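Bear in mind these aren't lab numbers, they're just calculated from the coordinates by the rules spelled out. These numbers were taken from a predicted model, which means no experiment stands behind them. Cβ coordinates were reconstructed from backbone atoms using ideal geometry, including for glycine residues, and neighbour counts include every protein chain displayed.
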Amino acid sequence: MVGLVDVISLGLFAAALRMATPIVYAALGGIFSERVGIINIGLEGTMLTSAFAGVTASYYTGNPWLGVVVAVLVGGLIGLLHAVLTVKFVGNQIVSGTGINIFAMGFTAYMSQIIWGSRGASEGVRGLGTWTLPVIADLPVVGPIIGSHSPLVYLMLVVTVLSYVVLFRTPLGLRIRAVGEHPTAAETAGIDVLRVKYLCVILSGMLAGLGGAFLSLGHLNLFTRGMTGGRGFISMAAMIFGKWMPFGAFGASLLFGLADALQMRLQSLGLLPPQIILTIPYLLTVAVLAGVVGKARPPSDYKPYKRE
Amino acid sequence: MKARALLSRVGSPETLRGILIQLIAILMAFAVGAVVLLVTGYNPIDAYAAMLRGAFGDVFRVGQTLTQATPIIFTALAFLFSFKSGLFNIGAEGQFLAGAFASALVGISFQNLPAPLHVLLALVAGAVAGGLWGLIPAVLKTRFGAHEVITTMMLSYVALYLTSYMVNYPFKAPGWVSQTVMIAESARLPRLLQGAQLSASIFIALALVALTRFILNRTILGYEIRATGLNPSAAENAGIDVKRGMILALVVSGAIAGLGGSGEIMGVHRRFIDGFSPGYGWDGLAVALVGGLSPVGALLAAILFGALRSGGMIMTRATGVPLDIVFLLQALVILFVAAPALIRAILKKGGLRW
Amino acid sequence: MAPAVEMRGITKTFPGVTANDDIDFTVEKGEIHGLLGENGAGKTVLMSVLYGLYRPDAGETYIDGERAEIESPAAAMSLGIGMVHQHFMLVPSLTVAENVVLGREPAKNGLIDEGEMLERVRASCTKYRLDVDVEAPIHTLSVGVQQKVEILKALHRGADILILDEPTAVLTPQEAEDLFRAVRSLRDQGKTVIFISHKLREVLSICDRITVLKRGKVVGTVAASETDMGELAEMMVGRRVVYSFEKAEVAPGEAVLSVEGLEALDDRGVPTLRGVDLEVRGSEILGLAGVEGNGQTELVEALMGLREAKAGRVSLCSTDITRASSYERIRAGVSHIPEDRHKRGFIPDFTVTENLILGSHREARFTRRGFVIDYEAAASHSQALVEDYSIATPGVGTHAGNLSGGNQQKVIVAREFDRDPRLVIAAQPTRGLDVGATEYVRKKLLEMRDGGSAVLLVSADLDEIWALSDRIAVIYEGRIVAVREPAETDETELGLLMTGGRRG
């Protein structure tokens, strides 16, 4: 039992923050999309494609930051595809998202074989490295937890706050919420509903793209087949658990990140078979959905909106 | 005129138009795939030709195509069945694995049973396990309002890891590979072609196509399930127990997927191997949609996807095109099928009216 | 002076319908102009064109004498046109102030300037004498207050021309009076008001001039002071309206439905039925009058077994059915015409046949071997019903969603009445139907009554209640506050009872 005590360390919380980062990005993406009434189940595939795109850009240019930019742009492009299919052509949101997920799987594996001749993994590329915050890193308790991380972890904290501000303090946020909850009211108030929807679904893809960039450039510095491993789906649960609020989703993601980190620690100690521990985040998600969703009201009825 | 009369016997104008749109979606996916091949330095004509040969070149290849199609006929029917009740069961993968493992367990647990009984027992176990795996999200949905899209998906991962645990620990066969020992001879489904993996599982699949069609279109149960899916409030008002219908539909859906898993274990692999399913559950969703959400359509679409797989392998061998182009093609078909309005808009742009 | 609004030759068609057919329509500055017509006459479509929600197929619009291309509500607003829709265009979770400024929010450094927002909205409240709590979230406000917010929203955005679409449909008579006062005061401040309605009396009392539409065409424009109800009614429907039906004298029978102390919660868990006592006898139509939202919906659902009864007793012909399922109630002889036919009444993607057996689909006459549906028997049955009830459909295999509203309702009526019910629950049975279909449905209800059925008629339309009921019960805040014979009451008393102004 000494092992268990060792597991609960400050390093664990630092790991939790790291594991939570891609989930937070994608969950924030999910929030923007669902706040305008579009379910984005394609977050998983968007992250995967962006993770691949980021690595590819870094591979060819040697500049990981350019990789991040490309990942975000590709994420936005996939968001645009989802928006075109579901907003403009009022296609089924789940089906479109599923198509994006399967596309991501096939496309990234196909292209990594073309580029690196391997279905499994890319070559290693230059990653973003870690930043160590001056002063903060030396603080007790806080320092070991948040003092030294990938820059994308810090960006995630900023983006979470920004998402809150945008949604609840700006005119755009007011319009986003109006569009999701009562699109006709928004339209009659002179808001271009379709434009807001497009904007948010594209933004959703871009945020998921950041999550993908973190996985491949902020974490592993290479691309591996299916490296998102269901994080896009978990982020949807984090979004729901967080009641479609940025800070709520952040908290839920931290919880899932903690479970993930705990799982890896326990696994390395051999206390439990890894497969059993790996089910924990998924079981937790199901439990969360069963317990919370009944009371959490979605911000929209997700019906397609059509003028005339 | 004759053609039109013949066509009208196949279905209403809406149905025919729907079929046409599905076909165009498939063609467009292949067109986009050709562009991808061109851009990445392959000759699409050669690739597609090799694929076609690989899929239907001879009896053996057809057998391979049908072998690939078999599991996704099951998962497609599973998706379709729950969809008709208004539920998006995208967790057929988990139910498939649950069924597969249950059948494997029955297969390795008895040695002296008469073959028909053993086969039947293993199939029932698969159906029950799949059904139970479908029951969980059904109950969570009807009792707590938990969205089935997320719960079925999450439970797929749970099934994946749990079965993986089973074949890595308690039921691991001696050796390096994470798998069970071979199931008893008496629990195996017969193979149909010399040297090929095509098994009697395809007959179960075909029977289920007919049965699903019959249940949905002819029976009281099917009527109530369709009413529930199309307008639950009106169904409830008509005295239909909507919750019961949803639970039943998801359980049956899970059982169908589970049987698919049984078929793979008992007919093809003869043991449960960790990670043996390359995502048949997701394919089922795609196949059901490409098949226009009708059982017969699902059968045809499954054969198409099976042909992509078996033909894809030959194509890879003959032309060096990475096999993953097949998944890309599938995804493109789904994306085009996702929005029929898109296809109509493209046709309109092209000057075609209907 | 140029008219505030001049529309010339407006034509707007939808697949299969010409909603507006070459309409000329002029509104002078500073008048209250009534736009009168039946449901489906094209009033709302015409106003949606004016407000930029629809683009007309032909025709021109002039605002203050200037040619205007109104391509969107935003364009309409910038021309000083505001519209208060029948279904409120308010976002429930946002506050009054947020709704009012939505789309043109005061901002500072990119953020919403909360203080400025509240100040401006409060200023508008004072200016237009509309008293509302600007910081309250919309979903906490009553319907009457929400309507005020809608008007405030339009005026705040600089509307000089205010379109009110059926504004009194959801109001109590007292709230309506309030609204009229506000509208008159706006006119006195120089605003132009277009008042859409199908209620003659209302239009006569508030409007200066009235334009009547019928089937997408203008019948004529008259000054309110120079016309009367009779003339308007004739313009509206083209013939004298039958205000009362010839009702056969039938002695009521035994009690069919008895409700004692029924309590139930609404969807949010708020107690909404708070002890309903009610009795409907055979060969009797009991009209349930009340302002919408006083528990009618919950009562009907509780009677149908669609909503759990928290307390009390429901019996059908002395059999307790309080805990019975919907299925058991249908089998026991309860028929139901739901208030929202799209939601509960039928299934658009089912064929006419499939819809006509909905609820009877387990009966032996439509099944074989207990589990297979006999679609041949069902089809010939529905063929007969289509003829009996003169349902206009290309065939029984057509999807019901392709039928017109009136024929969809006939499908429901045919299905429900064909079961020979002991009790008919008809909720808003003629809502949204044209005159012909309305008359048909009402006649059928009377036939059911004459044939011995008990009929519970729930209607927001007092005229309908008057015309059909043998007794009138008034529901207010989840209780039956009075039961009256039509002969011994009048509209004033009912209005007071419906609004809690008087206890039975």
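Once the Cα atoms are used to define both axes, helix C:405-417 deviates from the longest principal axis of chain C by about 20 degrees. The alpha-carbon atoms of region C:5-237 define a convex hull whose volume equals 127 cubic angstrom per residue. Between C:Asp320 and C:Glu260, the simple label model (points 7 Å from Cα in the Cβ direction) yields a spacing of 1.0 nm.
Label zone (C:Tyr327, point 7 Å along Cα-to-C-beta; backbone nitrogen cut-off 18 Å) within region B:243-260: B:243-252. Could you pull out every whole DSSP H run in chain B that spans at least 24 Å of Cα extent along its own axis and averages -1.0 or higher on the Kyte-Doolittle scale? Passing helices, by number: B:13-39, B:59-84, B:92-109, B:115-144, B:148-168, B:201-218, B:242-263, B:295-319.
Which order do peptides B:17-26, C:194-203, A:50-59 fall in by mean Cβ count within 10 Å, highest first? Don't skip to the end; give the middle numbers.
Numbers: B:17-26: 17.4, C:194-203: 20.3, A:50-59: 29.3.
With the highest mean Cβ count within 10 Å placed first, the list reads A:50-59, C:194-203, B:17-26.
For a quick protection proxy, order the peptides C:335-341, A:236-242, C:56-62 by their average other-Cβ count within 10 Å, most packed first. The partial results should precede the final answer.
Values: C:335-341: 23.0, A:236-242: 28.3, C:56-62: 16.9.
Going from most to least packed, we get A:236-242, C:335-341, C:56-62.
The residue list C:Leu303, C:Ile81, C:His381 was ranked by how far each Cα lies along the charge dipole of chain C toward its positive end, using unit charges on Cβ atoms, and C:His381 comes out on top. For region C:179-242, the residue among C:Ala223, C:Cys207, C:Ile196 whose Cα projects farthest onto the positive side of the dipole built from Cβ charges is C:Ile196. When the charge dipole of the protein assembly as shown is built from unit charges on Cβ atoms (+1 for Lys and Arg, -1 for Asp and Glu) and taken about the Cα centre, the candidate among A:Gly143, A:Ser122, B:Val158 whose Cα reaches farthest toward its positive end is A:Ser122.
Please report the projected area of region A:1-112's Cα convex hull averaged over all directions, in nm².
Values: hull surface 38.6 nm².
Answer in nm², one decimal: 9.6.
May I ask for the percentage of alpha-carbon pairs in region A:64-182 that lie more than 24 Å from each other?
On the way: 3848 of 7021 pairs.
Percentage above 24 Å: 55.
Rounded to the nearest 10 degrees, the inclination of helix A:43-61 to the longest alpha-carbon principal axis of chain A is 60 degrees.
Arrange the following residues from fewest to most other Cβ atoms within 10 Å of their Cβ: A:His82, C:His87, B:His147, C:His33.
Numbers: A:His82 31, C:His87 12, B:His147 20, C:His33 26.
Ordered from fewest to most neighbouring Cβ atoms within 10 Å, A:His82, C:His87, B:His147, C:His33 come out as C:His87, B:His147, C:His33, A:His82.
Across all directions, the shadow cast by the convex hull of region B:255-328 built on its C-alpha atoms averages 5.7 square nanometres.
What shape does region A:165-283 have by the C-alpha gyration tensor, where a ≥ b ≥ c are the square roots of the eigenvalues, rounded means a/c under 1.5, and otherwise prolate means a/b greater than b/c and oblate the rest? Show your work: numbers first, answer last.
On the way: a/c = 3.23, a/b = 2.24, b/c = 1.44.
Here region A:165-283 falls in the prolate category.
Within a straight-line Cα-Cα reach of under 30 Å, C:Lys29 can be paired with the following lysines, leaving aside sequence neighbours fewer than 8 residues apart in one chain: C:Lys12, C:Lys43, C:Lys127, C:Lys148, C:Lys153, C:Lys191, C:Lys199, C:Lys214, C:Lys217. Straight-line reach from B:Lys84: taking Cα to Cα under 22 Å and skipping same-chain neighbours fewer than 8 places apart, the lysines in range are A:Lys303, B:Lys141, B:Lys243, C:Lys343. Here the contact order of chain B, divided by its residue count and restricted to Cα pairs under 8 Å and six or more residues apart, works out to 34 percent. Rounded to the nearest 20 debye, the dipole magnitude of the protein assembly as shown is 3980 debye, with +1 charges on Lys and Arg beta carbons, -1 on Asp and Glu beta carbons, and the Cα centre as origin.
If the only charges are +1 at each Lys and Arg Cβ and -1 at each Asp and Glu Cβ, what is the size of the charge dipole of region B:71-291 around the Cα centre, to the nearest 20 debye?
Values: 13 positive and 9 negative charges, 42 e Å.
The dipole magnitude comes to about 200 debye.
Phi-derived couplings, Karplus 6.51 cos²θ - 1.76 cosθ + 1.60 at θ = phi - 60°, listed residue by residue for region A:159-172: 5, 4, 4, 4, 4, 4, 4, 4, 6, 10, 10, 10, x, 4 Hz, with x used for Gly and Pro. Note on chain A: the C-alpha convex hull projects to 17.0 nm² when averaged across all orientations. Among residues other than B:Leu329 with Cβ under 15 Å from its Cβ, the summed charge is -1 (Lys and Arg +1, Asp and Glu -1). When its C-alpha radius of gyration is set against 2.2 N^0.38 Å (N residues), chain B gives a value of 1.02.
Legend: mean number of C-beta atoms from other chains within 10 angstrom of residue C-beta atoms, peptide B:222-235, equals 6. Compute the acute angle (0 to 90°) between the alpha-carbon long axis of helix C:375-388 and the principal axis of greatest extent of the alpha-carbon atoms of chain C; round to the nearest 10°. Roughly 60 degrees between the two axes. The 3J(HN,Hα) values that the Karplus relation (6.51, -1.76, 1.60; θ = phi - 60°) gives for region C:330-341 are, in residue order, 4, 5, 7, x, 9, 10, 9, 9, x, 5, 10, 5 Hz. Gly and Pro appear as x. Averaged over the residues of peptide C:99-112, the number of Cβ atoms from other protein chains lying within 10 Å of each residue's Cβ is 5.
Across peptide C:340-349, the mean count of Cβ atoms from other chains lying within 10 Å of each residue's own Cβ comes to 5. What residues of region A:208-249 lie in the reach of a label at C:Ser93, counting those whose backbone N is under 15 Å from a point 7 Å from the Cα along Cα→Cβ? Zone members listed by number: A:239-249. Which one of B:Ala288, B:Ala200, B:Ala92 has the biggest mean-square fluctuation once chain B is modelled by GNM with Cα springs under 10 Å? Evaluated over chain B, the most mobile residue of the options is B:Ala200.
Neighbour counts of C-beta atoms inside 10 Å place C:Ser382, B:Ser103 in the sequence C:Ser382, B:Ser103, starting with the fewest.
What net charge is computed for the residues neighbouring A:Leu258, neighbours being all others with C-beta under 14 Å from the C-beta of A:Leu258, Lys and Arg scored +1, Asp and Glu -1? If you can, show how the numbers build up before the last one.
Values: positive: A:Arg18, A:Arg265; negative: A:Asp260.
Net local charge, A:Leu258 excluded: +1.
Please report, in debye to the nearest 20, how large the charge dipole of chain C is about its Cα centre when each Lys and Arg carries +1 at its beta carbon and each Asp and Glu carries -1 there. Before the final figure, lay out the partial values.
On the way: 58 positive and 78 negative charges, 147 e Å.
With only Lys, Arg, Asp and Glu charged at Cβ, the dipole is about 700 debye.
Relative contact order of chain C: 15 percent, from C-alpha pairs under 8 Å at least 6 residues apart in sequence. Normalised by 2.2 N^0.38 Å, with N the number of residues, the alpha-carbon radius of gyration of region B:206-338 equals 1.27. Exposure proxy shown here: for A:Thr61, C:Thr192, the number of other Cβ atoms within 10 Å sets the order, fewest to most, as A:Thr61, C:Thr192. Shape class of chain C from the alpha-carbon gyration tensor: prolate, with a/c at 1.5 or above and a/b greater than b/c.
Given an 8 Å cut-off on Cα distances and at least 6 residues of separation, report the relative contact order of region C:5-237 as a percent.
Details: 451 pairs, mean separation 67.1, N = 233.
For region C:5-237, the relative contact order is 29 percent.
Note on the protein assembly as shown: Rg/Rh from C-alpha atoms, Kirkwood Rh, equals 0.99.
Please label the shape of region B:43-124 as rounded, prolate or oblate, based on the square roots a ≥ b ≥ c of the eigenvalues of the alpha-carbon gyration tensor (a/c under 1.5 means rounded; beyond that, a/b larger than b/c means prolate, else oblate). Cα axes put region B:43-124 in the oblate bin.
Remark: region C:443-459, residue by residue, has Karplus-estimated 3J(HN,Hα) of 4, 5, 4, 5, 4, 4, 4, 4, x, x, 6, 8, 10, 9, 9, 9, 8 Hz, where x stands for each Gly or Pro and the curve is 6.51 cos²θ - 1.76 cosθ + 1.60 at θ = phi - 60°.
Listed by chain and number, the lysines placed with their C-alpha closer than 20 angstrom to that of C:Lys444 are C:Lys247, C:Lys410; residues fewer than eight positions away on the same chain are left out.
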